[in-house]
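Just below is one structure, and these are the notes that go with it.
The values are calculated or read from the model by the stated rules, or taken from the named source; none is laboratory data. Here the structure is a predicted model, which is why all the values come from computation and not from measurement. Cβ placement follows ideal geometry from the backbone for every residue including glycine, while neighbour counts extend to all protein chains displayed. Heavy atoms of the whole protein, side chains included, go into the accessibility calculation; ligands, DNA and RNA do not. Shrake-Rupley method; radii C 1.70, N 1.55, O 1.52, S 1.80 Å.
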Amino acid sequence: MSKGRFITVEGIEGAGKSTHLTAIRDLIQSAGHTVLLTREPGGTPLGEGIRQLLLRPDLGPMSPEAELLLLFGARAEHLARVIRPALDAGQWVLCDRFTDATYAYQGGGRGLPAERIVTLERWVHGDLQPDLTLLFDLPIATGLARVAHRGAEDRFEQEERAFFERVQAAYRARAERFPGRFRVIDTDAEPDEVRLRVERALRPWL
Ligand code: TMP
């Protein structure tokens with residue numbers, strides 16, 4: 001059985017991931033592949049528990065190091081129990097965020113040295129990288145305005161604009177560094193147009 005493909009979707013808050021993920025899953029499915037849609041942090045009972053801890057705004061300050069280690073703890077579990085078994089069984093895995101988010105948020109946003117992230121990445125999944133990463137990109141003000149309508153903010157959404165500017169710069173730097181794996185999609189458009197752009201990016205893989 002051939003290995004499945006590992007596809008990740010990334011972007012700042014309000015970039016449109018949640019609107020388009022199920023459509024991406026349907027596209028992959030309609031091309032005849034079995035696909036598992038999952039997310040980070042999360043994807044397992046332990047991972048979802050860690051997600052709640054990471055997003056809760058009421059736990060007080062969290063050190064960037066604790067945040068980084070919790071994310072990789074959730075990721076190790078996700079890889080062991082969900083991602084690797086699915087890929088080994090020939091399924092495709094579509095993951096809402098993965099380690100590029102750690103380089104963007106904990107590296108760019110929090111300012112943690114990239115070497116720390118590299119060390120954990122090598123340890124936890126050095127041999128496994130996404131085959132394709134769709135980076136949803138749009139002006140920060142547009143993304144944050146979309147999120148502002150959603151009600152109670154989580155711990156990341158409470159950050160100031162400068163934080164998201166650093167996150168976005170780090171995402172764009174990742175896309176430039178790994179042009180073979182990344183496709184940057186401008187999501188500052190009507191949903192139908194974004195859908196077409198996503199389809200064009202995915203088509204060669206299907
Ligand atoms: P979301 O994916 O539902 O937008 O929320 C998850 C939040 O977690 C988002 O604000 C980004 C953050 N995050 C990190 O800071 N680092 C990571 O490695 C991942 C996967 C997510």
### Message
I'd like the Karplus ³J(HN,Hα) series for region 72-79: coefficients 6.51, -1.76, 1.60, θ = phi - 60°, whole numbers in Hz, and an x wherever there's a Gly or Pro.
### Response
6, x, 4, 5, 4, 5, 4, 5
### Task
Could you please report the charge total around Val9, scoring K, R as +1 and D, E as -1 over all other residues with beta-carbon less than 9 angstrom from its beta-carbon?
0
### Message
In Å², and per residue, what accessible area does the chain have when probed at 1.4 Å with the other protein chains present?
### Response
48
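With the full set of protein chains in place, find how many percent of the accessible area of region 37-114 is carbon and sulfur; take the probe as 1.4 Å.
Taking all protein chains in place, region 37-114 shows 60 percent carbon and sulfur surface.
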### Message
Run lengths n ≥ 4 of DSSP H only: what is the helix-derived mean residue ellipticity at 222 nm for the chain, with -39500 (n - 2.57) per run over all residues, to the nearest 500?
### Response
-14500 deg cm²/dmol
### Query
Which order, highest average first, do 186-193, 81-88 follow once you tally other Cβ atoms within 10 Å for each residue and take the mean per peptide?
81-88, 186-193
### Query
What is the list of residues in region 177-194 whose amide nitrogen lies under 14 Å from a point 7 angstrom out from the Cα of Ala31, following Cα to Cβ?
183
#### Entry: Student exercise, the chain dipole from Lys, Arg, Asp, Glu Cβ charges, in Debye to nearest 20
500
